[in-house]
Each structure stands twice: as C-alpha cells, then as structure tokens.
Amino acid sequence: MSEIIKEEILAQIELEEKEARLKDPEWQELSPENFPECYQNTSFLKKIIAQAAEGPREVLISDIDWTFYHKDIPEETDRLYQTLEKVGIPVCYCTGRDLERVTGQPDLPQPDLAITAVGTEIWVRQQDDSFQKDPLYRERLLQDWQRDKIYQLAQDCVQQNPNVLVFQDRDKPENQGKPEMPTPEEFKISLYFYGGQEEARKMEEKMKELFGGEIGIVFSTNWREENCFYVDILPKLEAKTGKAMPIHYLKSLAGFRSIVAGDGGNDADMLFGSGSQAIVVGNFLPEMPGIISSLSEKEADWRPNLTGFKVGESRNDVYLAAKEDIGPRAILKALIRGDFNPHFARKITEISS
C-alpha cells in the first residue's frame, strides 16, 4: 500500500473520530453556565473542564463504606484518592450518610461532590472547603414528592408488620421535633426490616406494590446486625430512583462518563441503572449476586476480575472484583486495567512514566 493511500486512510479515520466526538456529549464543549451558581469556580467544574482538552470527561462516583473507604486498609483509600487527583478525575461520594457524617470523618478524603441520603441530596465543595447544596436538584425532586402522604403510608405499613418493619430513630413518630434527634431527611424515609434474604425480597415487592410506581423502595444489608436490612423510601426522578437519580441529573448538566463503585443493594440503581461503567468490590454484600442474576441475561459466574459482563443499563463492562480485592483496592485495580477503562489506564501510565 502506498504512503499516499495510508495517509488518506488515516485522515479519513481521524475525520470519522472527530465527527463521532462532536455527537458524543462527553467530548462536546462544556459551558459552565449550564451549572447552578453553587458549582462555579469549584474543583469539580474545573476538573471536568480541564479533561475536555485531552479526552472524554470522566467522574468517579463511589459508595463510601466498605467501598471507597475500608477501615482495614485506610492507606489504600489515600492511594486511590491521590491517583485520581493526579489524573484530574473528580471524586464524588454517593452514600446513605448525611453530609455531617461525610465531612466529620477525619481520615476520609474530602470529595469534589457529596451525594448524600441515598441519592437525594447533592453537595458541592466550595473553594473554602465548605459544601453548598444544589438547589436545582432539590426543586426537581420536590415536584412529585409528598412527604406527609408517603410517611402516612409508611406508618400504615409498619403497623401492619409489627416487629418486622421498624422506623429508624430519626423517622420514628415519637422522635419528631425532639431537639436531641437528627432532623428527618426531606426526601428519604428510613426503616429497618428484620428477616432473611427471601423474606426481605417478598417485603420489598409488597412495599413497591403498596407505594406505587412513582416511589422508590431500596433494601440493603445492614452489615452491623444479622438478619437486618436498611429500607429507604425515596422519590423518583425521570423514572430513576436512589443513587441513579443524581447521576442522570448531573449528566444532564454536562455529559461525562460515570465510573461507579459499590457493594450492596442501595448501590444497585447506581451500578446497573445509570448508564455507567460499574465496579463491584470483592467484599460485596450477600444480596449482590441475586441482584445481578435478576437483571442479567446470563448467570454471573463470579470469576475474579470479570469484565465484558453487562447488567441492566450499564454503559460498558461490569468489573466483578476478586474476593481478596476489597474496597478501594478493587476500584484502583479496575481503573488501571486497559480492558476496562483504556482512557484512564493510559493516563495512569503517562503520570507514572
């Protein structure tokens, strides 16, 4: 093949790639004006604008407990965080915690964004390291959320299932208004369910039928207590609930590739329903195999480091970490694999050379 023909082919490939990028929101020019005021001049916005100059925009969105942070290997949380800082990828926590429990942990690196209360609040870190709540996201959740009515349904459900369904402390009727108790969260009503995996699955189906399709019901294992599950009653936004809601909202402000990581049931919407690359850490909770099996077209065989496995709306591969690869170790191993995220792996190689 002559050099002229080779150059013509390469030029055609380059043109086709350029045209594809123009159609891809992850490559399109980003306008800061798309974002509410609380995002302006923040580390999150600066990082995704800087990324646009050299490749697609990417954001890591991770659960905290036993995922980004694991108490047995805190040094690996620091290593993961420092790697992401060097590469310039924003760090976003997506957690069931409230903001006070995110910012109040001294050995937890502070994120660029904190999505708290199981996806119902977005907090943006400011230049002075304080956090401001995204008011536009709150307005959108308010549109179809009638907390008093939903709380009454929750009370009826608790009364019908005594000793099986119990309100968590901040949502117990007798604790409302007590100054020593945390204020109930605006878009989340939380309970405990006591029983085994199968009983939890049946109760989840029963509650979804009772509350209807406009309300999200999320069950996840309470790792502090045997045969106990966290139950969160949440709004829906454009048919999404839980941790998938804020990801879709943020992508509507600026197209980016989301890489998500989690370990349990309240991460499922984010892992498999947000159009993201997904990392399931090796120390996943007991409900995870059943969730994947129910959403996938084939049975997961849980081979270590399995990629090329698609579940639900996962954008690309799902990375199922080996059991010894726990928490932050699993996330970093996934990110540096060329067959999982070639763009990130290339960046790591560049900064390491």
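Throughout, read-outs are computed from the coordinates displayed, never taken from laboratory work. Small disclaimer: the values here were computed from a predicted structure and weren't measured. Reconstructed Cβ throughout: ideal geometry from the backbone, glycine too, with neighbour counts over all protein chains shown.
Highest mobility in the GNM of the chain, judged by mean-square fluctuation with C-alpha springs under 10 Å and restricted to Met207, Met245, Met181, is found for Met181.
The Cα atoms of the range 250-292 define a convex hull whose projected area, averaged across directions, is 3.0 nm². Measuring how big the range 64-207 is from its alpha-carbon positions, Rg and Dmax come out at 18.0, 53 Å. Each Lys or Arg adds one and each Asp or Glu takes one away; over the other residues whose Cβ falls under 11 Å from the Cβ of Thr67, this sums to -3. Evaluated at q = 0.24, 0.25, 0.29 Å⁻¹, the base-10 log of the normalised Debye intensity for the range 24-84, with identical point scatterers placed on the Cα atoms, takes the values -0.99, -1.02, -1.17.
Applying a DSSP loop filter and a limit of 13 other Cβ atoms within 10 Å to the trypsin sites (Lys or Arg not before Pro) in the range 64-98 leaves Lys71. Beta bridges assigned by DSSP with both partners in the chain are antiparallel in approximately 60 percent of cases. Of the residues Ser293, Ser43, the one with the fewest other Cβ atoms within 10 Å heads the list, and the complete ranking is Ser293, Ser43. Calculated mean residue ellipticity, 222 nm, the chain: -11000 deg cm²/dmol, from DSSP H runs (n ≥ 4) at -39500 (n - 2.57) each, averaged per residue and rounded to 500.
Lys-Lys pairs in the range 142-237 that are eight or more residues apart or on separate chains and whose Cα atoms lie under 26 Å of each other come to 20.
Full extension of the chain between Arg79 and Glu198 yields a length gain of 39.0 nm, computed as 0.36 nm times the residue separation minus the alpha carbon distance.
Cβ crowding within 10 Å ranks Thr42, Thr221 as Thr42, Thr221, fewest other Cβ atoms first. Hydrodynamic estimate: the Kirkwood radius of the chain over Cα pairs, inserted into Stokes-Einstein at 20 °C and 1.002 mPa s, corresponds to D of 100 µm²/s. Seen against the Cα atoms of the chain and their longest principal axis, helix 197-211 is set at about 80 degrees.
The P(r) of the range 142-237 has a tail past 15 Å containing 60 percent of all C-alpha pairs.
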